[in-house]
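Peer 1: I'd like to ask you about the structure that follows.
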Amino acid sequence: VQLQASGGGLVQAGGALRLSCAAPGGTFSSYTMGWFRQAPGKEREFVATIRWSIGSTYYADSVKGRFTITRDNAKNTVYLQMNSLKPEDTAVYFCAAGVPILSSLAKVSGYRYWGQGTLVTVSS
């Protein structure tokens, strides 16, 4: 599965962006899709995920209520709508696909396939 993330950019604090992750040609609907991010000098961290089987979603506490993950299986695309952005949201955002068990939904190790990342910069 090849993943192509897009939609990053520069935005002021309080603004919004929508990230997209396309998986052309893959069996997209069989995978749980996640978003992670990595700020300079920091470890890659979990942001949000949506399970393939029942569409349930999970979020990191730091983005809960501001970010929304959705998927369109017909378009083989997962989205991350980011509202009320803060400077601390600045990072490279990666989409990922896999079949993680419940305890690994928020772990990097739970995902097998990764996109190239898209940079989000939030200015204060």
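Peer 1: I need a count of the residues in the stretch 10-38 that are open to solvent by less than 60 Å² (accessible area, probe 1.4 Å), among the small types (Gly, Ala, Ser) and over 15 Å from the mean Cα position of the chain (by Cα).
Peer 2: Total meeting the criteria: 6.
Peer 1: Let me ask something else about it. Of the residues in the stretch 40-60, how many are closer than 19 Å to PRO100 by Cβ and assigned to a loop (DSSP other than H, G, I, E, B)?
Peer 2: Looking only at the stretch 40-60, we keep the residues that are closer than 19 Å to PRO100 by Cβ, and these are 43-60.
If we keep only those that are assigned to a loop (DSSP other than H, G, I, E, B) too, we end up with 43-44, 51-56, 60.
The qualifying residues number 9.
Peer 1: Here is a further query. For the stretch 68-82, what are the residues that are in contact with a strand residue (DSSP E or B) (Cβ under 7 Å, 6 or more places away or on another chain) and either outside any loop (DSSP other than H, G, I, E, B) or closer than 11 Å to ARG18 by Cβ (or both)?
Peer 2: THR68, ILE69, THR70, ARG71, THR77, VAL78, TYR79, LEU80, GLN81, MET82
Peer 1: Identify, by number, the condition in (1) without any contact (Cβ under 8 Å) to a residue 60 or more places away in the chain; (2) over 19 Å from SER124 (Cα atoms); (3) buried (at least 22 other Cβ atoms within 10 Å of the Cβ) that THR77 doesn't meet.
Peer 2: Single failed check for THR77: (3).
Peer 1: Quickly run through the stretch 86-111 and pick out the residues that are assigned to a loop (DSSP other than H, G, I, E, B), in contact (Cβ under 8 Å) with a residue 60 or more places away in the chain and surrounded by fewer than 17 Cβ atoms within 10 Å (Cβ to Cβ).
Peer 2: LYS86, VAL99, LYS107
Peer 1: Still on this structure, please answer the following. Regarding ARG37, is this residue more than 18 Å from ASP72 (Cα to Cα), basic (Lys, Arg), modelled with pLDDT of 95 or more and assigned to a strand (DSSP E or B)?
Peer 2: Taking the combined requirement at face value, the residue satisfies it.
Peer 1: Okay, next question. On the basis of being within 19 Å of THR70 (Cα to Cα) and of a type outside the set (Phe, Trp, Tyr), does ARG18 make the cut?
Peer 2: For ARG18, the condition - within 19 Å of THR70 (Cα to Cα) and of a type outside the set (Phe, Trp, Tyr) - is met.
Peer 1: Can you find a residue that is among the small types (Gly, Ala, Ser), on the phi > 0 side of the Ramachandran plot and out of contact with any helix residue (DSSP H, G or I) (no Cβ under 8 Å at 6 or more places or on another chain) anywhere in the stretch 17-24?
Peer 2: Checking the stretch 17-24: not a single residue is among the small types (Gly, Ala, Ser), on the phi > 0 side of the Ramachandran plot and out of contact with any helix residue (DSSP H, G or I) (no Cβ under 8 Å at 6 or more places or on another chain).
The values are calculated or read from the model by the stated rules, or taken from the named source; none is laboratory data. Here the structure is a predicted model, which means the values were calculated and not measured. Positions of Cβ are generated from backbone atoms using ideal geometry, with glycine treated the same way; all protein chains shown enter the neighbour counts. These accessible areas exclude ligands, DNA and RNA; they are computed on the full protein's heavy atoms, side chains included. Shrake-Rupley method; radii C 1.70, N 1.55, O 1.52, S 1.80 Å.
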